[in-house]
Every structure is written in structure tokens, then in C-alpha cells.
Amino acid sequence: MKHLIPELEALKRRLPPHQDGVLVLPALRRIQEDRGFIADEDIDGLVEWLGIPRIQVEEVLSFYSMLRRAPVGAWHLQVCHNVSCSMHGAERLLAHLEERLGIACGETTADGRFTLSTVECLGACGGAPVVRVNEAYREALSVEAVDALLEELAGAAPPDTPGGWV
Ligand code: FES
């Protein structure tokens with residue numbers, strides 16, 4: 001993340017004094033946008049740059065499910081499996097995705113195009129069941145809609161950063 005410090009310093013200069021802790025989230029977002037995930041060395045660099053305890057970075061990392069600690073495929077499919085989505089068939093969608101992609105939850109396809117995982121409530125319960133595709137939500141999905149989604153993604157250009165915006 002060291003090459004990002006000049007850019008992050010510019011952001012820091014816009015803050016009131018002694019507010020460096022609020023930079024953790026935007027810095028992590030920028031690091032992930034750059035690398036595709038947040039590595040141990042990024043956390044070390046952030047702790048050193050901000051002069052804050054490591055736990056302050058770990059707290060943010062563990063809270064926000066859009067932040068990744070490991071590489072993902074071009075398309076990261078996160079199936080919400082909390083109550084509303086579960087009651088509307090999330091497990092059926094997950095099983096269908098595992099079958100269609102030929103991988104188990106938590107895995108990436110051999111061609112690096114898809115990673116499948118579950119996620120806690122995405123805050124879109126009214127649209128259950130919800131699957132987050134990289135940074136976008138797909139709501140009220142059926143098995144048929146998931147098939148259409150996979151067809152759409154198969155024909156789409158992958159994002160510049162795996163799991164990122166298109
Ligand atoms: S339970 Fe899935 S979005 Fe809330």
C-alpha cells in the first residue's frame with residue numbers, strides 16, 4: 001500500500017487534527033480497489049502510517065463484508081443466508097450455484113471467473129433472496145434468475161479488479 005500513501009495523505013489533509021482513525025475505511029477500500037484484496041502487509045502498512053493499534057484496522061475488516069482478506073475470482077457471488085433470505089430460498093440458490101459452477105461455497109472456479117461465498121444480512125431484506133455480485137445487489141432471485149445471471153456474467157467483460165466494479 002506504500003505507493004498509495006501520497007494519495008491517502010491528500011485525504012488526510014482534509015480532516016481536522018487527530019481524526020486519523022476515520023481514514024481506516026476509505027484507506028482499506030482504496031487498497032482493495034488497487035490489489036483486489038487486503039493483504040497482511042497492507043494492514044501492517046496502514047497501522048504504521050496511521051500510528052493506530054492493529055485492532056482498529058481488524059475491527060473494520062471484520063465488520064464490513066465487502067472487504068476481502070483473500071483474492072477472489074472476477075465475479076464474487078455472495079449469497080445472503082440470514083433469516084429473510086433463508087426464508088425465501090437462499091439455501092436453494094446456494095446449492096444451485098454450487099452445482100452450476102462445480103465448486104463448493106468458499107471456493108473459486110479453476111478458470112478464476114467465479115468465487116462463491118455466503119454473507120450475513122446485506123440490509124436489503126425486502127428484496128430477499130439477495131446475492132451480491134461484486135459491488136452490486138441482485139434481488140428477489142429465483143433459480144431461473146440465477147441461471148440468467150450466470151449467462152449474463154459468462155458473456156460480460158470481467159472487471160479490472162477481480163470482485164470489483166465493472
Ligand atoms: S436477510 Fe438477506 S438481505 Fe437481509
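The values are calculated or read from the model by the stated rules, or taken from the named source; none is laboratory data. Every value quoted in this text rests on a predicted model; they were computed, and no experiment measured them. Because the Cβ atoms are built from the backbone with ideal geometry, glycine has one as well, and the counts that use them run over all protein chains shown.
So which residues in segment 127-152 are near the ligand (Cβ under 9 Å from one of its atoms) and free of Cβ contacts under 8 Å to residues at least 40 places away in the same chain? Within segment 127-152, G127, Y137, E139 meet the criteria.
Of the helices (runs of 4 or more DSSP H) lying entirely inside segment 1-86, those containing at least 3 residues that are without any contact (Cβ under 8 Å) to a residue 24 or more places away in the chain and farther than 30 Å from D111 by Cα span 5-12, 40-50, 54-63.
Looking at G89, G112, just one residue is under 26 Å from L28 (Cβ atoms) and not acidic (D, E), and that residue is G112. If the condition is being in contact (Cβ under 8 Å) with a residue 24 or more places away in the chain and either within 16 Å of the ligand (Cβ to nearest atom) or part of a loop (DSSP other than H, G, I, E, B) (or both), then segment 87-104 contributes M87, H88, G89, A90, R92, L93, L94, L97. Of the set (1) farther than 19 Å from R35 by Cα; (2) charged (D, E, K, R); (3) away from the ligand (no atom under 16 Å from the Cβ); (4) not assigned by TED's automatic domain parsing to the domain that holds R29, all apply to R54 but (4).
Considering only residues that are within 16 Å of the ligand (Cβ to nearest atom) and in contact with a helix residue (DSSP H, G or I) (Cβ under 8 Å, 6 or more places away or on another chain), look in segment 67-81 and name the one that is farthest from T161 (Cα to Cα). Here the residue is H81. From the list V166, V119, the one residue that fits, being under 28 Å from A27 (Cβ atoms), modelled with pLDDT of 95 or more and among the aliphatic types (A, V, I, L, M), is V119. Filtering V133, V83, V143 for residues that are within 16 Å of the chain's Cα centre (by Cα) and among the aliphatic types (A, V, I, L, M) leaves a single hit, V133.
For segment 111-125, the candidate set comprises residues that are away from the ligand (no atom under 14 Å from the Cβ) and part of a loop (DSSP other than H, G, I, E, B); within that set, the residue that is nearest to S86 (Cα to Cα) is R113. Condition first: at positive phi and not hydrophobic (A, V, I, L, M, F, W, C). Now tell me which residues in segment 105-144 satisfy that. Correct list: G106, G112, G123, N134.
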